[in-house]
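To start, the structure itself, in C-alpha cells.
Laboratory data are not the source of any read-out in this text; all were calculated from the coordinates shown. Treat the numbers as computed from the prediction; the structure is a model and nothing was measured. Don't worry about glycine lacking a Cβ; one is built from the backbone with ideal geometry, like all the others, and counts go over all protein chains shown.
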Number of protein chains: 2
Amino acid sequence: MTVKMKDIASALGVSMVTVSKALNNHPDISKKTRERVNAKVKELGYRPNLTARSLSTGRSSLVGLIVPDLANPFFCEIAKGLSKTLREQSYFVVVSSSEEDPMLEEQEIDNILAHRLDALVVASCQLSAEAFRNTRFGDTPLIFVDRAFEGLAHFVGCDDYAAGKMAAEHLLSVRCKRIAHIRGPQNSTGIRRLKGFMDTMTKNGVDVPSEYVVQALSVDVDGRNQGAEALKRLMSLQRPPDGIFCYNDILATGVIVQADKQGVRIPEDLAIIGCGNLHFDDVIQVPLSTVDQRSREIGSRTAKLILELVATDEDAPKKIRKIVLQPRLVIRASTDRSFRKR
Amino acid sequence: MTVKMKDIASALGVSMVTVSKALNNHPDISKKTRERVNAKVKELGYRPNLTARSLSTGRSSLVGLIVPDLANPFFCEIAKGLSKTLREQSYFVVVSSSEEDPMLEEQEIDNILAHRLDALVVASCQLSAEAFRNTRFGDTPLIFVDRAFEGLAHFVGCDDYAAGKMAAEHLLSVRCKRIAHIRGPQNSTGIRRLKGFMDTMTKNGVDVPSEYVVQALSVDVDGRNQGAEALKRLMSLQRPPDGIFCYNDILATGVIVQADKQGVRIPEDLAIIGCGNLHFDDVIQVPLSTVDQRSREIGSRTAKLILELVATDEDAPKKIRKIVLQPRLVIRASTDRSFRKR
DNA sequence: TTGAAAGCGCTACCAA
DNA sequence: TTGGTAGCGCTTTCAA
C-alpha cells in the first residue's frame, strides 16, 4: 500500500542503505545521488515510517506531557510552549491529563512510558515522591515542571517562595491589615508559596492567625468551587480578612464570583491576588492581580532542556538540571486600593 | 538495560510466543501459564515496547490532534474530551497547534502522519480542501472536528447553521433592532453561522446592511484584538448596531473589553452574544451569552468514533461518518435586556 | 561512495 | 496448549 524505502531504492536501482543515508543527510552520499533520492521521494510521496526508525534508533521523536488539568490555561500554555519549541526539531507532544488524581497520574505515567518517549514532562499532583521511586523510567529522562521533587529529576518552574513573598508584599503595600491565604496542595508549590507568604508577614510584623490559612482541596479541576467555599469560611470569621492571597488564579476566580454574590466589594472591602497569570485574568469581573508564573516560558525552556538532553551523548555524565524562573507581579483592579492611600 | 519479552521468556523457560500470547490474553494459553507470566512481568518490571508492537501490528495506540490554537479553551476542551475517552482503551493523544496558519497546519499534518497514528483529528484552518487532496493519508482515518469539508472525511461538530439561527433569534427576542455580525473565516463554520444568522434576519424582516457584517481576520490567536477592532468600526457607523453576534467567544471577549473602554454599555446600549461557551464566559466583565457548541462532547464523540473505526475490520466497507451535535443557547448578562421589555 | 547483512522488540502464521 | 520462523521498515556496522 504505502510506499516504503525499499520502493524508492528499487525504483532508483540503488540499495536501501543509500536511500536511508541520503535521507538522513549522511556525509558519504554524493550530491547527485541525494538529489535523485529526494526527487523520487517527492514523486512517490514517500514518508519515512517513524515507528520503524524509532525501533532501530531508540529515538521516538515523541515527548510526553502529563498535567493535572488539560483545560486549565496554565497547563495549556505550558503545553503550547513545549510543543511550539519542540516542533522545530520535528518532535511531537503526547499529552495526558491526570485530573488531579495521583493514582491516575501514576497509571498514565506507566502507560505513556511504554511509547518509548525521548523525554517525559510531568506537572505532578503527587504529594510524595513515592510514586516516582516505584516507577521504572528506563532511560527516559524525566522533567518535572511547576511542581518539584528535589533531587529526583530535572525541574523547570518558577520560584514559588518568591511568588508568595511578592504577593504578600503587594497586599501589604495596598494597606491590607488582615491578610489571609487560600493555600494549595501539600507539594512544593503549595508549601513554598505559603512559606514565602508567611515569612514576609512575619518580617513585617503582621500576624496571620491560623484560621486565616485555608486549605483548598482541589485547585484546578474543582478550583472555582473551592475558592468560593474558602471565601465563605473566611468571611464568616469574627474578623474577616481584608486581603487574600490565593494559591492560584482558578481559586481566585472562584473567590471573586463568590464575593460578588455575598456583596463583598473587591478591592474596597477585600483585595485579591492570585498566582499564575492566566490568559483571561484581565477580562474577568474584577481584573485579577496576580503573580505571573511565566507558563509559556516554562514550556519553551523545558523544550530546550529536552533538546539538550537528547543531543548529549547517551553515556555522558548526567547531572540534574534545575531551571528556576523569577515570577513577576501583575497589578490589576482586584488589589487597586490606591484610593485608600489618598 | 530494560527488560524485554525475551527475558521473561527465558526466566520462565518458555518461548517468547507464549509470553506474547499470555500478555495479549490470547485464548489458547493455560490459566496457569498466564499467571506465571504475569507474576514474572511484575517481578522484573517488564513493560511492553509499544514501538515494536506497533511496527508488527500496524497499530500505534496513538491518535493525532491538530487544532488552530492549543491555548483556546474551546480546543482544550476537545482535546480533553478526546484524551479522556481514549485513555480507557490505552490510547494517547499527540497534539499540535497550527497557530491558525494553513501552511503550518499542512506541514504538521504531514509530519504527524509519519508517526503512523491510528487516526488523525483536525480542526482545520484551511479555507479550501486543496491541502487535503495533496496529502497522502495512507490508511490513517481522518476526522474533521468543528470545521467540515463535506465528503472528504469523517466529521464531528455542531450544527453551525442552527447556532447562527439561535443567536439571531435571541438577539431579536431581546428587542435588538440593528443587529450586526462579526463573522469568522471563510470556512464551514464561518459561512454557516453567517447564513443561519442572515436567513433568520430576513425571515423576520430585519435588514442587515452590508456594513453590519464585519470580517475578523483572526478569530483565535489574535481574536481579542480583532474583536476590539471590529467593534470600533461598528460603533463609528452613522447608525451603530444595538446587538452583535460574534463568530466566537474570543472575539466577543474583545468586544466587551473595547465596549467598556469606549463607554458603550452592555447590554443596555449593545447586546452581545458569542459562540462556543468557553469555561470562563461566566466570569468575564460582563458574563457572556453564547451558543454552547458542546466542545467537550465533540471530543468524546470523536473518541468513540475512532474506537469504532479501529475496531471494524480493515477491509470492511467504509462510509463517511458525520456526527452533528445540536447547539444550546446559554443566556447571561451580555444580552439581558429584560428591563427594556418592562 | 555504495551495499549486504544483522538486528531493534514484538506479533502472526503454521506446525507440532 | 506451545513454539519455530519469518517478518514489520528502518538504521548501522563493516566490507567492497
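May I ask for the angle, rounded to the nearest 10°, between helix B:73-87 and the longest principal axis of chain B, with both axes built from Cα atoms and the value confined to 0 to 90°? With rounding to tens, the tilt is 20 degrees. Computed over the alpha carbons of region A:106-171, Rg followed by Dmax gives 14.5, 47 Å.
Here residue B:165 is the anchor, and the lysines within straight C-alpha reach of less than 18 Å, apart from those fewer than 8 places off in the same chain, are B:177, B:195, B:203.
For region B:5-48, which semi-axes, largest first and in whole Å, follow from the square roots of 5 times the eigenvalues of its Cα gyration tensor? Please report the intermediate quantities before stating the final value.
On the way: eigenvalues 42, 21, 18 Å².
The three semi-axes for region B:5-48 are 15, 10, 10 Å.
Each other copy holds its own label point for residue B:211; taking that point as 7 Å from Cα along Cα to Cβ, the gaps run 6.2 nm, nearest first. Sorted from closest to farthest, the other copies place their residue A:304 label points 4.5 nm away, with each point set 7 Å from Cα along Cα→Cβ.
Evaluate the Debye formula for region B:79-205 with equal point scatterers sitting on the alpha carbons, no solvent, and hand back log10 of I(q)/I(0) at q = 0.17 Å⁻¹, in q order, two decimals. At q = 0.17 Å⁻¹ the computed log10 ratios are -0.92.
In chain B, helical runs assigned H by DSSP with n ≥ 4 each contribute -39500 (n - 2.57); averaged across all residues and rounded to the nearest 500, the mean residue ellipticity at 222 nm is -13000 deg cm²/dmol. Remark: mean inter-chain Cβ contacts per residue of B:80-87 equal 4, using a 10 Å Cβ-Cβ cutoff to other protein chain atoms.
Mean sequence separation of contacting Cα pairs (under 8 Å, at least six apart), scaled by the length of chain B, corresponds to a relative contact order of 17 percent. Distances between every pair of Cα atoms in chain A, grouped in 20 Å steps from 0 to the bin holding the largest one, split as 28, 44, 20, 7, 0 percent. Positive contributions from Lys and Arg (+1) and negative ones from Asp and Glu (-1), summed over other residues with Cβ under 9 Å from the Cβ of residue B:298, come out at 0.
Let me know the shape class of region B:151-280, please: from the alpha-carbon gyration tensor, a ≥ b ≥ c as square roots of the eigenvalues, rounded when a/c is under 1.5, otherwise prolate if a/b is greater than b/c, or oblate.
It is oblate, given that a/c is not under 1.5 and a/b is not larger than b/c.
Sorted from nearest, the other copies put their residue B:322 label points 5.9 nm away, the label point being 7 Å from Cα in the direction of Cβ.
Take a quick pass over region B:5-48 and tell me how many lysine pairs come in under 16 angstrom between Cα atoms, counting only ones 8 or more apart or on separate chains. For region B:5-48, the number of qualifying lysine pairs is 9.
Under 18 Å of direct C-alpha separation, and excluding same-chain neighbours fewer than eight residues apart, residue B:319 reaches these aspartates and glutamates: B:118, B:139, B:150, B:308. With a sphere of radius 11 Å drawn around the Cβ of residue B:166, what net charge do the other residues whose Cβ falls strictly inside it have (Lys, Arg +1; Asp, Glu -1)? Value of the local net charge: -1.
Can you give the net charge of the other residues whose Cβ lies under 12 Å from the Cβ of residue A:322, counting K and R as +1 and D and E as -1?
Details: positive: A:301, A:319, A:321; negative: A:150, A:159.
After counting each charged neighbour, the total is +1.
Within chain B, the longest run free of exposed loop sites, counting GluC sites (Glu not before Pro) that sit outside DSSP helix and strand states (H, G, I, E, B) and have at most 10 other Cβ atoms within 10 Å, spans B:89-313. Seen through its C-alpha gyration tensor, with square-root eigenvalues sorted a ≥ b ≥ c, the protein assembly as shown comes out oblate because a/c lies at 1.5 or above while a/b is not bigger than b/c.
Taking the convex hull of the alpha carbon positions in region B:1-132 and averaging its projected area over all directions gives 10.4 nm². Size descriptors for region A:29-102, from the alpha-carbon set: Rg then Dmax equal 18.0, 56 Å.
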